[in-house]
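*Asks:* Here it is, the structure, as structure tokens.
The values are calculated or read from the model by the stated rules, or taken from the named source; none is laboratory data. None of the values given here were measured: they were computed from a predicted structure. Ideal geometry is used to build each Cβ from the backbone, glycine not excepted, and the neighbour counts take in all protein chains shown. Just so you know, the surface numbers come from the protein's heavy atoms only, side chains and all, with ligands and any DNA or RNA stripped out. Shrake-Rupley method; radii C 1.70, N 1.55, O 1.52, S 1.80 Å.
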Amino acid sequence: MPAAYERYLVPVVFRPFAEDLATRAAALHPGRVLELAAGTGVLTSALLTAASAAEVTATDLNESMVALGVTRAPDAVWQQADAQRLPFPDGGYDLVVCQFGVMFFPDRVEAFTEVRRVLAPGGRFLFNTWGPLRTHPFQAALQAGLERALPDDPPRFFPTVPHGYADPAAVAADLAAAGLTVEDERELTLRGRAASIAELATGYLAGTPVRAAVERHGDEQTVRAVVIEEMTARLGPGPVSAPMTAYVFRAVA
């Protein structure tokens, strides 16, 4: 799954936002940076370039993501870690960053409380979340394809997880409950560009948790064909380009 994610989804969906977040991070002139839910290291690499003087520690809960990430961004310190139980001392970082990862935390207030703990006084927490599913045509088309291919039991991963934390007021409330104060929150729309619908569909079906749901149904090729057909009908055959909307938050300890 990490290899498919890195090959097909990172360049299209995640790199544009990683470059934006790294630029915002560099403007804070951090010395020690902790990254949560780093995945295969797209933001990590961008941070190492944009904030070259910073010491970057990248973490992810998934050991296979860490194993691939260390090959993509070897100049960072990589470690497997649970964001809700960070194995780091109090006040050790002046910046914590997270790209499209907070939606996956089972208890976000607990994770945000850990962020506050490891931040030095006045340290910042910089992260982004996806907007509503309808504001991401790639993923909306994918979900429509899954619902058409598996009408009795379509995977609900995308509506409920990546796009399930799309209320900025709810995010701000969770930050406040953890003792963090929102300094800045903004909506950001960037464009994703894919060489083909087939490659994009492969990335989603093989490089995300919907893979397991599709495999359980046992007819992966039929599902893939229907998903590609639906995505093509909605987006065109490719190369394809579409807007993607996210929210960017900066909070202070």
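*Asks:* Suppose the filter is touching a Gly at 6+ places or on another chain (Cβ under 6 Å), modelled with pLDDT of 95 or more and either surrounded by 14 or more Cβ atoms within 10 Å (Cβ to Cβ) or closer than 20 Å to ASN62 by Cβ (or both); does VAL171 pass it?
*Replies:* Spelling it out, it is not the case that VAL171 is touching a Gly at 6+ places or on another chain (Cβ under 6 Å), modelled with pLDDT of 95 or more and either surrounded by 14 or more Cβ atoms within 10 Å (Cβ to Cβ) or closer than 20 Å to ASN62 by Cβ (or both).
*Asks:* Since ALA212 meets every condition but one in (1) open to solvent by less than 70 Å² (accessible area, probe 1.4 Å); (2) at pLDDT below 95; (3) not in a helix (DSSP H, G or I), which condition does it not meet?
*Replies:* (3) is the only condition that ALA212 fails.
*Asks:* A follow-up question, please. Every residue in the range 167-200 that is without any contact (Cβ under 8 Å) to a residue 60 or more places away in the chain and under 24 Å from ALA141 (Cα atoms), please.
*Replies:* ASP167, THR189, ALA195, SER196, ILE197, ALA198
*Asks:* Across the range 231-251, which residue is farthest from GLU185 (Cα to Cα) among those that are in contact with a Lys or Arg (Cβ under 8 Å, 6 or more places away or on another chain) and open to solvent by 30 Å² or more (accessible area, probe 1.4 Å)?
*Replies:* Here the residue is PRO239.
Here's the yes/no breakdown for (1) within 18 Å of the chain's Cα centre (by Cα); (2) free of Cβ contacts under 8 Å to residues at least 12 places away in the same chain; (3) closer than 21 Å to TYR5 by Cα:
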{"residue": "ALA46", "(1), (2), (3)": "yes, no, yes"}
{"residue": "ALA53", "(1), (2), (3)": "no, no, no"}
{"residue": "ALA58", "(1), (2), (3)": "yes, no, yes"}
{"residue": "GLU63", "(1), (2), (3)": "yes, no, yes"}
{"residue": "THR71", "(1), (2), (3)": "no, yes, yes"}
{"residue": "PRO74", "(1), (2), (3)": "no, yes, yes"}
{"residue": "GLY91", "(1), (2), (3)": "no, no, no"}
{"residue": "VAL96", "(1), (2), (3)": "yes, no, no"}
{"residue": "VAL102", "(1), (2), (3)": "yes, no, yes"}
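*Asks:* For the range 159-198, enumerate the residues that are farther than 15 Å from PHE125 by Cα and assigned to a loop (DSSP other than H, G, I, E, B).
*Replies:* VAL161, PRO162, HIS163, GLY164, TYR165, ALA166, ASP167, ALA195, SER196
*Asks:* Looking at ALA206, ALA242, which is the one that is assigned to a strand (DSSP E or B), touching a residue at least 24 places away in the same chain (Cβ under 8 Å) and under 18 Å from the mean Cα position of the chain (by Cα)? If you could, list the steps in order and put the result at the bottom.
*Replies:* Values: ALA206 fails: assigned to a strand (DSSP E or B).
Exactly one residue qualifies, and that residue is ALA242.
*Asks:* Residues in the range 114-158 that are surrounded by fewer than 17 Cβ atoms within 10 Å (Cβ to Cβ) and within 20 Å of MET103 (Cβ to Cβ): how many?
*Replies:* Qualifying residue count for the region: 3.
*Asks:* Let me spell it out: the conditions are (1) more than 19 Å from PRO2 (Cα to Cα); (2) of a type in the set (Val, Ile, Thr); (3) outside any helix (DSSP H, G or I), and VAL109 meets all of them except one. Which number is the exception?
*Replies:* (3)
*Asks:* Also, quick follow-up: Name the residue that is nearest to LEU150 (Cα to Cα), counting only residues in the range 215-230 that are surrounded by 19 or more Cβ atoms within 10 Å (Cβ to Cβ) and hydrophobic (A, V, I, L, M, F, W, C).
*Replies:* VAL223
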